[in-house]
Amino acid sequence: MKALLIFAAPIILGNLFQQTYTMADSAIVGKFVSEQALAAIGASYALTTIFIYIASGGGIGASVLVSRYFGAKDYGRMKNVINTALVAFFVISILLGGVGLLFGRSIMVALHTPADAIDMAVEYLNIYFMGLPFLFMYNVLSAMFNALGKSRIPLYFLIFSSVFNVALDWVLVKHFDLGIAGVAWATLIAQSISALLSFVVLMVSLKKIEGRSSRLFVPGEVGPMFKIALPSILQQSTVSIGMMLVQSVVNSFGSEMLAGYSAAVRVQALCAVPMIGIGNAVSSYTAQNLGAKQHERVVQGYHAANKLVIVFAVINFAILEPFHQQIISLFLGEDRTELALQTGCAYLTFIGFFLCVVGFKMAVDGLLRGAGDMKMFTVANFINLGVRVFVAKMFAPLWGIQMVWIAVPIGWFVNWVISYAEYRTGKWKRIAEQ
């Protein structure tokens, strides 16, 4: 547990800072622009998350191979994977950014974004898409540092980026009156600086490790890398597409409910950060130990991860239940509506009981991913998505918006049951040795 916690702590802290500055974006916009602006960021959230998950999924996929070669001390091939991942995902980010700029408004219309929020949502998205290469570069670089056991380095850059981002938010929105565009520009500027600095530090770190890469881009490494990365990308981006479908249900209830829901989702994302960090740590931990033929340590690490999940779930519960109203109020201005406040509070008080479930899911998913056992992992996450979309689409129009969040823990639980059953078969040990 000590080894896993030491490794996971910087990842968790880094993701906490990342979520904190996205919360600051929403809070500053909600306080100093309008409730409709907060709704616009909320309406954009599911779409932007798709691109974040593609970047992080690709980084995680590549990092599994990097961890494996690092554990096996095959440093030359490890550097080939790092170079190939950076080049491949930089090209992908440019292509996806172009697609986003072309079709952003059409997607927002298709998602039934409220009329009083759609123009601001599109303005925010256009700036976001221009910064996509830096988003991809940063996420892939962070995954590479984590794979090398240097998880403190991306933490330092993320702390810098987060603090700089929030300061820019304040200046551009409060003092330059740029509205929702100011938040988007602040994120782009802060992330681009952090990504470039991370790249320089990684290159310097790699020079200190023996072994040389054969060239900048090695086509032969693309197949093994994407064999692991693609299921993770598909799983995470498909979950985001599901979130978009669920988002379209929320959007149909109007901008007031959307604003409250958006604030609550941001808080939930912050609460889930330790669970995601534990899952990512288990992934690299599993890959390194399998590379070193230490199967028993993988099992021990998984059990330790579940204990850490329980600790963080209790902490989340102790904060959310008594302070939900104060937390949601941070996102809403003085002219807030009671409906927005009630919607956000209702979501938080419900979801606080179930955050341990997503933690258990993340831990076992991280083990399967680290071992390369991707088939059932992918199936489980698709079923999770299907359950959430089905319940929200079918029952929210009949019984109200609360069915949107009731669907969430149901999907998490089904996912965990399937993934845990796969873990118990022991297939992951044999797959890792192939």
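The values are calculated or read from the model by the stated rules, or taken from the named source; none is laboratory data. What you are looking at is a predicted structure, and each value in this text was computed from that prediction instead of being measured. Cβ sites come from the backbone with ideal geometry, for glycine too, and all protein chains shown count toward neighbours. Quick note on the areas: whole protein, heavy atoms, side chains included, nothing else; ligands and nucleic acids left out. Shrake-Rupley method; radii C 1.70, N 1.55, O 1.52, S 1.80 Å.
Filter region 79-118 for residues that are free of Cβ contacts under 8 Å to residues at least 40 places away in the same chain and farther than 13 Å from residue 222 by Cβ and give the result. Of everything in region 79-118, those that are free of Cβ contacts under 8 Å to residues at least 40 places away in the same chain and farther than 13 Å from residue 222 by Cβ turn out to be 94, 95, 97, 98, 99, 101, 102, 103, 105, 106, 109, 115.
Residues of region 69-116 that are out of contact with any Gly (no Cβ under 9 Å at 6 or more places or on another chain), open to solvent by 60 Å² or more (accessible area, probe 1.4 Å) and part of a helix (DSSP H, G or I): 90, 91, 94, 95, 99, 101, 102, 103, 105, 106, 109, 110.
Consider region 157-169 and keep the residues that are surrounded by 15 or more Cβ atoms within 10 Å (Cβ to Cβ) and at pLDDT 90 or above. The one that is nearest to the chain's Cα centre (by Cα) is 164. Residues in region 270-287 that are under 24 Å from residue 144 (Cβ atoms) and surrounded by fewer than 24 Cβ atoms within 10 Å (Cβ to Cβ): 272, 273, 276. Within region 295-322, residues that are more than 21 Å from residue 352 (Cβ to Cβ) have Cβ atoms under 7 Å from residues that are outside any helix (DSSP H, G or I) and open to solvent by 80 Å² or more (accessible area, probe 1.4 Å) in these pairs: 304/1, counting only partners at least 6 apart in sequence or on another chain.
Residue 128 meets the stated requirement of being touching a residue at least 24 places away in the same chain (Cβ under 8 Å) and within 30 Å of residue 253 (Cβ to Cβ). Select from region 315-351 the residues that are closer than 20 Å to residue 412 by Cβ and open to solvent by less than 10 Å² (accessible area, probe 1.4 Å) and list them in ascending order. Within region 315-351, 320, 347, 348, 351 meet the criteria. Of the residues in region 133-149, at least one is open to solvent by less than 30 Å² (accessible area, probe 1.4 Å), in a loop (DSSP other than H, G, I, E, B), within 25 Å of residue 203 (Cα to Cα) and aliphatic (A, V, I, L, M). The residue that is surrounded by the fewest Cβ atoms within 10 Å (Cβ to Cβ), counting only those in region 386-426 that are among the aromatic types (Phe, Trp, Tyr) and modelled with pLDDT of 90 or more, is 399. Here are 50, 41, 6: which of them is free of Cβ contacts under 8 Å to residues at least 60 places away in the same chain and either in a helix (DSSP H, G or I) or open to solvent by less than 10 Å² (accessible area, probe 1.4 Å) (or both)? Just a single option satisfies the conditions, and that option is 6. Checking each residue of region 377-385 against the condition of being of a type outside the set (D, E, K, R), open to solvent by 10 Å² or more (accessible area, probe 1.4 Å) and either more than 18 Å from the chain's Cα centre (by Cα) or modelled with pLDDT of 90 or more (or both) gives at least one match. Evaluate region 207-223: report whether one residue or more is open to solvent by 30 Å² or more (accessible area, probe 1.4 Å), in contact (Cβ under 8 Å) with a residue 24 or more places away in the chain, of a type in the set (A, V, I, L, M, F, W, C) and in a helix (DSSP H, G or I). Yes, the conditions are met somewhere in region 207-223.
Starting from residues that are assigned to a helix (DSSP H, G or I) and over 24 Å from the mean Cα position of the chain (by Cα), keep the ones in region 171-189 and report whichever is surrounded by the fewest Cβ atoms within 10 Å (Cβ to Cβ). Top of the filtered list is 175. Residue pairs whose Cβ atoms lie under 6 Å apart, sitting 6 or more positions apart in sequence or on different chains, and linking a residue in region 159-183 that is farther than 20 Å from residue 16 by Cβ to a partner that is open to solvent by 30 Å² or more (accessible area, probe 1.4 Å) and at pLDDT below 90, are 172/178; 173/32; 174/32; 179/33. Of all the criteria given as (1) surrounded by fewer than 22 Cβ atoms within 10 Å (Cβ to Cβ); (2) at pLDDT 80 or above; (3) within 30 Å of residue 116 (Cβ to Cβ); (4) of a type outside the set (Gly, Ala, Ser), the one not satisfied by residue 19 is (2).
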